[in-house]
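The values are calculated or read from the model by the stated rules, or taken from the named source; none is laboratory data. What you see is a predicted model, and the numbers here were worked out from it, not measured in a lab. With ideal geometry, Cβ positions are generated from the backbone for all residues, glycine too; neighbour counts draw on all protein chains shown. What goes into the accessible areas is simple: the full protein's heavy atoms, side chains included, and nothing from ligands, DNA or RNA. Shrake-Rupley method; radii C 1.70, N 1.55, O 1.52, S 1.80 Å.
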Amino acid sequence: MRKLCLTIGVLFWLAAQANLASPVVAQNADLNSLQSVLSGGGGDEELIAVSASFTADQKSRAGKLSITAEIAADWHIYSITQRKGGPVRSQIKLDPSKKYTLKGDFKPSAPPKSLVDEKAYPGLPLEEHEGAVTWTAPIELAAGVDAGQLKISGKLFAQTCSGQQCSIPKDFSFTASYAAAKKPAPKEAAAKEAATSQSADAGNVGVHKAGDITFRGYVTPRVIVPGGKFKLVIAAEPAAGWHIYEMSDKAPASAVGARPTLLALTDDSGLKNGPAVPSVPAAADQVSSVRIHEEPVTWTVELKAAPAAKRGPLTIEGLLGYQICTAKSCQNPSALGFSAQVTLGAQTVDGQVPLKFDAKHKYTEVQKLVTQPAAARGTVGKTSSLDVNQFKPAALDGGSVSLPRMMGFGFLGGLILNVMPCVLPVIGLKILSFFEQSGHSRGRAFVLNLWYALGMLSVFMVLATVPVVLRTWFGLDFGWGQQFSYVGFNVTLAALVFAMALSFLGIWEIPIPGFVGGSTANQLASKEGFTGAFAKGAITTVLATPCSGPYLGTALGFALAQPPAVIYLMFASIGLGMASPYLLIGAFPQLLRWLPKPGAWMDTFKQVMGFVLLGTVVYLMRLVRPDYFIPTLALLFGIWAGVWWIGRTPVYAELPAKLRSWGVGIAVAGIIGALGFQWLGPQTADSLAWRKFSIDELTQLTAEGKTVMLDFTADWCPNCKYLEHVVLNTPKTKDFIERRGIVAMVADLTEYPAEEQALLNSLGAKTIPFMAIFPAGRPNEPIVLPDVYTQGTLFEKLEQAGASSTSRVASLSAR
């Protein structure tokens, strides 16, 4: 009975694994796992090995406990600091003992790789260790305890994962012995990690090997808000028998002798930086007076952005001076340049930006930076005394700043906005209402202009509320016109103005009083209403926000640094300034007497204004991000088709007929717009990591034993785009090729490049779409897929080609 239950359990386990792996992977995994289960084990011992040791000074009783986890290739575990709500956090559990005391937290030898899986854990950073990792913590031995006889036992609770597979979390036991004469495990762990995780480091950690030392570095997070903090992280891993000297904030006094490690920032883009903090203390060197690091060490520099810093890219550059030595000899002092571009944005985004290293520098360059006076270089090497926190512009100095004065500047700035290029195209909306008002009473003219002014002021109050809320609740700043930095706002506004332009051109009629669309001048004149006046005032103001004229910049710069009440007063003064001409005309309608009488000419004027609004659409399209440009054009086409359908229904039709036409029109516009953004928009997270084709890289990849999938495509090829969205850039295809280590490469024939065209011809093809698969080990026997193909056919051909020789499949097969 026991054997029967065990057999059934094994069969269920194999069935579950078959859903998570490809046939080749499942076959190897099932054989290994079946053997492990039948022998009474879980198979995790093959994926992770844990060892431990400790050092201690017999006099001070102080020591260090090191625990190393060696993880199988292509697998990972999660950090001991992994946040709750995500995957299983690793834990170090020590057995109780009175012979020693743990004096601090465990720290990893290298920071975990940070990434975000928006599908599984939206917004939650995942912290992973690959290859090998060593955690160290300070300990203190109890009085009378012999370090040589002490054994420290415990367990590492961890879960190993790879791709979409994870083992069951479990405890891995270890026993730490005294390590007196040998170097602790972190050195070997770092060497193994460097050998097994180069491809992973390339994604989020910059790597530079300089002879007998390897440097790694990154900046985290990728995006912070103004006033937030970055961390610059640089790790040094000396080879066995070598050491690097302790970091110093002072240049060496002598021109000879050991060279301390120096760090100097040459371009920090206005960031305020702190000292470089090492992950482990340096040890005393028996030869020189300078302390040394024989084991891997990580220095962390905290960088803080000024609260008033401008959003956008930030470049962080610097130099690292160093010298490495053995017990008998030293290499010449050297220097390494490093740089990274991070971002100041609206909200913090976790992740790492890898450092780019270059070796075109000398140690003396870093010495010169560090020897500058502290006031000129900052804590770790600034080259300028510039401090954005100390700015005091002359125009805002002393008693010249007063609220009434600034409100006057705001009023003048708002008045001038009426003639700025952003606003002029939509002024035609108001001109048409002027013509209509010239035939009505003074009271009605005033009320209509009042509603128009209220529409303007309403938008200014919204614009005032945004910075107040963001500053009060989130500690963020929001500047004038900043809404135009958001793709969604630009696309929406372009669609709205385009629909208005089509109404002016007579394609359809907007069902809001005051928005012209009738076929005669009399119909046009009778359409002005309070709702239309308010809406036109609001739209005019929205279109004005990208512009900034004289006085407006001064007024806004003052307003956005003031308390909420002052912000509202300043924005109200700008709104009144912009609305003042219309309030004046409303109060004194005799100013309209110079205008011609309403008539048939108004239809022509209306249509001319329609073309002016189309020009506004062209301007707004400039603000749309390039990867959203084509989808936005598709959306505009859908709106055109939708309003055309709505416009076919006569104005005198019954309500049900109007509702049906509106339903169909909205559906047509929505479907075309959705398809445009789905098929023509930017690639999603499920897209393959395409490499751009070059014959040199294709040759190198195939020489390394990679299977390469080369897609010939072009922007003008609709079938190519179909395959990209339906077959290639899908989660299933991405998972399929990643499991086999296949490289996805694209040859873009949009502009008929010679190299891509020549390769296509050599493959015997004249048309696209065309897929060529170069099998690992057999690159001269490519498998081709001409024309349109299915996902099943693609998978069949990729199976025929086989996995890359360096993929996880090969490593599993070798076990």
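Put simply, of ASP285, ASP268 the only residue that is under 32 Å from the mean Cα position of the chain (by Cα), open to solvent by less than 40 Å² (accessible area, probe 1.4 Å) and at pLDDT below 80 is ASP268.
Restricting to the stretch 758-789, name every residue that is open to solvent by 60 Å² or more (accessible area, probe 1.4 Å) and in contact with a helix residue (DSSP H, G or I) (Cβ under 7 Å, 6 or more places away or on another chain). Across the stretch 758-789, the qualifying residue is only VAL788.
If you go through the stretch 366-390 and pick out every residue that is open to solvent by 70 Å² or more (accessible area, probe 1.4 Å) and at pLDDT 80 or above, you end up with 1. Confirm whether LEU723 is closer than 21 Å to LEU763 by Cα and in a helix (DSSP H, G or I). Yes: the conditions hold for LEU723.
Residues that are surrounded by fewer than 17 Cβ atoms within 10 Å (Cβ to Cβ) and more than 12 Å from GLY673 (Cα to Cα) within the stretch 630-648 comprise TRP644, ARG648, listed in sequence order. Candidates in the stretch 155-185 are the residues that are open to solvent by 50 Å² or more (accessible area, probe 1.4 Å) and of a type in the set (A, V, I, L, M); of these, the one that is modelled with the highest pLDDT is ILE168. Residue count for the stretch 326-373, restricted to those that are aromatic (Phe, Trp, Tyr) and touching a His at 6+ places or on another chain (Cβ under 9 Å): 2.
Restricting GLU796, GLU704 to residues that are within 26 Å of ALA73 (Cβ to Cβ) and out of contact with any strand residue (DSSP E or B) (no Cβ under 9 Å at 6 or more places or on another chain) narrows the list to GLU704.
Restricting the search to helices (runs of 4 or more DSSP H) fully inside the stretch 418-535 and requiring at least 2 residues that are touching a Ser or Thr at 6+ places or on another chain (Cβ under 8 Å) and modelled with pLDDT of 80 or more gives 442-469, 487-504.
Among residues of the stretch 95-116 being part of a loop (DSSP other than H, G, I, E, B) and under 27 Å from TRP299 (Cα atoms), the one that is farthest from the chain's Cα centre (by Cα) is LYS103.
Cβ-Cβ distances below 6 Å connect the following pairs, each with a first residue in the stretch 164-175 that is over 15 Å from VAL88 (Cα atoms) and in contact (Cβ under 8 Å) with a residue 60 or more places away in the chain, a second residue that is assigned to a strand (DSSP E or B) and not small (Gly, Ala, Ser), and a separation of six or more residues or different chains: SER173/LYS155; PHE174/VAL50. When VAL664, VAL624, VAL617, VAL612 are checked against the criterion of being among the hydrophobic types (A, V, I, L, M, F, W, C), modelled with pLDDT of 85 or more and surrounded by 13 or more Cβ atoms within 10 Å (Cβ to Cβ), VAL664 stands alone in meeting it. Against the test of being open to solvent by 10 Å² or more (accessible area, probe 1.4 Å), closer than 20 Å to PRO252 by Cα and in contact (Cβ under 8 Å) with a residue 40 or more places away in the chain, the options GLN347, GLN331, GLN352 yield a single qualifying residue, GLN331. Filtering the stretch 101-154 to residues that are under 18 Å from PRO87 (Cβ atoms), of a type outside the set (A, V, I, L, M, F, W, C), in contact (Cβ under 8 Å) with a residue 12 or more places away in the chain and surrounded by fewer than 17 Cβ atoms within 10 Å (Cβ to Cβ) leaves GLU118, LYS119, TYR121.
Among the residues of the stretch 95-133, those that are in contact with a Gly (Cβ under 7 Å, 6 or more places away or on another chain) and not hydrophobic (A, V, I, L, M, F, W, C) comprise ASP95, SER114, TYR121. Considering the stretch 220-236, the residues that are assigned to a strand (DSSP E or B) and open to solvent by less than 20 Å² (accessible area, probe 1.4 Å) include one that is farthest from SER334 (Cα to Cα), namely ILE224. Listed by first and then second residue, the pairs linking a residue in the stretch 443-468 that is free of Cβ contacts under 8 Å to residues at least 24 places away in the same chain to a residue that is among the hydrophobic types (A, V, I, L, M, F, W, C), with Cβ atoms under 6 Å apart and 6 or more places separating them unless they lie on different chains, are VAL466/PHE478.
Answer with yes or no whether ILE768 is more than 30 Å from ALA499 (Cα to Cα) and assigned to a loop (DSSP other than H, G, I, E, B). Yes: the conditions hold for ILE768. Select, from GLU755, GLU738, the only residue that is open to solvent by 40 Å² or more (accessible area, probe 1.4 Å), in a helix (DSSP H, G or I), within 26 Å of GLN165 (Cα to Cα) and not hydrophobic (A, V, I, L, M, F, W, C). One residue alone meets the criteria, GLU738.
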